[in-house]
Amino acid sequence: MKQDLVIINQDSGYLMIDIANAAVGGQDVALIAGRLVQRNNPLEAKIKFTKIIRYNRRTTFKRLFTWSVAFVQIWFLITFRYRLTRLLIVSNPPFAPLLPLFCSNRFSLLIFDVYPDALVEFGLFSNRSWLVRLWESANRRVFGKADRIFTITEGMKQVLQQYAGKKNIDVVPVWTDNTFLKPVPKDSNPFVKKHGLQNKFVVLYSGNLGYSHNVETIIELAACVDDPEILFLLIGDGDKKQIIENTIRSKGLTNCRLLPFQPAADLPFSLSSADVAVVTLGREASRLSVPSKTYNLMSVGVPLLCIAEQDSDLSKLVAKLNIGESFSADRLTEMKAFIIGLAADPQKRQQFRENALNASLEFGPENATKILTN
């Protein structure tokens with residue numbers, strides 16, 4: 001079967017939907033994914049969606065297993081169904097960018113996470129291991145053959161240049177959607193009412209509780225803050241969820257609450273419940289990723305407390321836009337002062353809020369078309 005474009009991304013949400021929908025005009029488009037999370041903009045009916053195994057992030061074994069099975073499924077589909085098709089390959093699963101070693105399709109790459117560099121930085125493999133060296137060599141072969149290479153930050157571009165050589169890499173920032181994500185006042189927010197947050201200053205973390213996210217620091221921070229009106233609310237799931245639950249219980253923390261992932265339709269309400277939102281980025285990932293939640297939080301006008309190294313792309317972005325402050329993980333005293341200071345200073349919160357809302361206008365869905373036309 002011939003399609004004009006096949007997009008490959010094991011865990012697909014609004015970003016892939018925006019790209020696929022933007023690509024539809026004048027060509028046939030297919031999307032291969034293990035999960036499709038639709039918000040306000042559904043996937044166009046004319047786009048062919050093929051489901052593969054869903055990404056499971058609960059344990060390292062399950063990650064590797066679902067990544068590997070997904071790669072085999074994708075290879076099978078490309079080999080037997082889409083042999084003549086242009087591919088847009090996203091770095092999820094991490095093995096996906098290696099597909100061109102096993103097929104002759106024209107392709108472009110969209111790199112959200114840099115592998116094998118991330119595995120080395122997280123200490124899962126040595127940079128001298130045969131697997132890493134083989135993967136790096138394969139990257140150089142693949143990147144050299146790509147029609148186009150896209151990534152989301154300048155820092156990631158610098159890391160990727162080792163594989164791309166002189167080939168150009170286009171930086172297209174992640175985007176948000178201001179038609180879906182908007183500020184919702186606490187007094188009319190159903191999520192706030194449901195969870196009794198009306199009289200709380202909410203410090204929110206919403207997202208994966210995984211190895212690359214320094215969520216333990218949030219619990220350490222909560223243990224330092226003894227103001228009964230300040231509540232630390234964590235929404236999510238992942239490898240570290242049980243650790244977080246055990247730590248909250250062992251420390252007897254009454255100012256922490258842990259909730260599962262909320263339905264996608266409720267995201268505007270859960271994010272808007274925050275008075276300040278925490279975005280974490282481990283030291284190892286400082287140049288290998290920028291959490292997409294950063295841009296979504298801008299849309300609801302929430303000040304950010306970022307736990308990240310000062311030289312990370314995340315910290316640089318927050319400082320440039322003046323939408324919050326960033327701290328390395330060992331600066332608990334400064335983080336505590338920042339939270340308490342914001343709780344006591346509505347004018348400063350309002351300034352961060354306005355800056356965030358204005359900044360969100362710079363990162364709109366039109367970025368999806370840049371990946372198709374650059």
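All of the numbers you see were taken from the coordinates with simple rules; none came from a lab. Since the model is a prediction, treat every value here as computed from it, not as a measurement. Methodologically, a virtual Cβ is constructed for each residue, glycine included, from the backbone with ideal geometry; neighbour enumeration extends over all protein chains shown.
Restricted to Cα positions, what overall size does segment 5-171 have along the principal axes? Three whole-Å values, descending.
Taking the Cα atoms of segment 5-171, the three principal extents are 47, 37, 32 Å.
Given the DSSP H assignment, sum -39500 (n - 2.57) over each helix run of at least 4 residues in the chain and divide by its residue total; what's the result at 222 nm in deg cm²/dmol, nearest 500? The partial results should precede the final answer.
On the way: 14 runs with 145 residues, N = 374.
-11500 deg cm²/dmol, from helical runs alone.
Tell me, in nm to one decimal, what length is gained between residue 168 and residue 61 on full extension, where the rule is 0.36 nm per residue of separation less the Cα-Cα distance?
On the way: separation 107, 0.36 × 107 = 38.52 nm, distance 3.52 nm.
Working it through step by step, the gained length comes to 35.0 nm.
Could you run the Karplus curve 6.51 cos²θ - 1.76 cosθ + 1.60 with θ = phi - 60° over segment 192-207 and give me ³J(HN,Hα) per residue in whole Hz, x for Gly and Pro?
Karplus values, whole Hz, x for Gly and Pro: 4, 5, 4, 9, x, 9, 4, 9, 10, 8, 8, 9, 9, 10, 10, x.
Dipole of the chain (Lys/Arg Cβ +1, Asp/Glu Cβ -1, origin at the Cα centre): which of 37, 175, 351 lies farthest to the positive side?
Checked the options; the winner is 37.
Starting with the fewest neighbours, write out 224, 256 ranked by other beta-carbon atoms found within 10 Å of each beta-carbon. Before the final figure, lay out each step's value.
Values: 224 12, 256 21.
In order of increasing Cβ crowding within 10 Å: 224, 256.
With mean projected area of the Cα convex hull in nm² as the read-out, I listed [x] 20.9; [y] 18.0; [z] 26.2; which label goes with the value calculated from this structure?
Recomputing mean projected area of the Cα convex hull in nm² here picks out [y].
Quick one: angle between helix 241-251 and the longest Cα principal axis of the chain, in degrees between 0 and 90, rounded to 10, please.
20
Just want the answer: with Cβ charges of +1 for Lys and Arg and -1 for Asp and Glu, which residue in 300, 189, 203 is farthest toward the dipole's positive end in segment 186-360?
189
Using Cα centres only, tell me the gap between segment 105-167 and segment 181-247 in whole Å.
Going from one Cα centre to the other spans 34 Å.
Kirkwood Rh over alpha-carbon pairs of segment 186-360, then Stokes-Einstein at 37 °C and 0.692 mPa s: what D in µm² s⁻¹, rounded to an integer? Before the final figure, lay out the partial values.
Numbers: Rh = 16.0 Å.
In µm²/s, the coefficient rounds to 205.
Between residue 111 and residues 5 or more places away or on another chain, which pairs have amide H atoms under 5 Å apart, with H built 1.01 Å from N, and which residues are they?
150, 151
Can you list residues whose amide H is under 5 Å from residue 49's amide H, if they're 5+ apart or on another chain and H is modeled 1.01 Å from N?
31
For residue 358 and residue 40 in the same chain, what is the full-extension length gain: residue separation times 0.36 nm, less their Cα-Cα distance, in nm?
Values: separation 318, 0.36 × 318 = 114.48 nm, distance 2.15 nm.
Extra length from residue 358 to residue 40 when fully extended: 112.3 nm.
Select from 99, 317, 290 the residue farthest towards the positive end of the dipole of the chain; place +1 on Cβ of Lys and Arg, -1 on Cβ of Asp and Glu, and compute about the Cα centre.
The listed residue farthest towards the positive side: 99.
If you line up the long axis of helix 346-360 against the longest principal axis of the chain, both from Cα atoms, how many degrees apart are they, to the nearest 10?
That works out to roughly 10 degrees.
Order these by the 10 Å Cβ neighbour count, fewest first: 175, 130, 135, 75.
Numbers: 175 23, 130 9, 135 20, 75 17.
The fewest-first ordering by Cβ neighbours comes to 130, 75, 135, 175.
Placing +1 at every Lys and Arg Cβ and -1 at every Asp and Glu Cβ, with all other atoms neutral, what dipole size does the chain have around its Cα centre, in debye to the nearest 20? Could the numbers behind the result be given before it?
On the way: 45 positive and 35 negative charges, 282 e Å.
Here the size comes out at about 1360 debye.
Rg(Cα) of segment 186-234 divided by 2.2 N^0.38 Å? Kindly include the intermediate steps, with their values, before the conclusion.
Working: Rg = 12.4 Å, N = 49, 2.2 N^0.38 = 9.7 Å.
Dividing the Cα Rg of segment 186-234 by 2.2 N^0.38 Å gives 1.29.
Order these by the 10 Å Cβ neighbour count, fewest first: 245, 309. If you can, show how the numbers build up before the last one.
Values: 245 14, 309 20.
Ranking 245, 309 by Cβ neighbours within 10 Å, fewest first, gives 245, 309.
Whole number please: convex hull volume per residue, Cα atoms of segment 275-371, in Å³. Display every interim value, and only then the final one.
On the way: hull volume 8.2 nm³, N = 97.
Taking the convex hull of the Cα positions in segment 275-371, it is 85 Å³ per residue.
State to the nearest 20 debye the size of the charge dipole of segment 223-374 about its Cα centre, where the only charges are +1 on K and R beta carbons and -1 on D and E beta carbons. Walk me through the numbers before you get to the answer.
On the way: 16 positive and 19 negative charges, 27 e Å.
Computed charge dipole of segment 223-374: roughly 140 debye.
Under 5 Å between amide H atoms, partner at least 5 residues away or on a different chain: which partners does residue 256 have, H built in plane at 1.01 Å?
232
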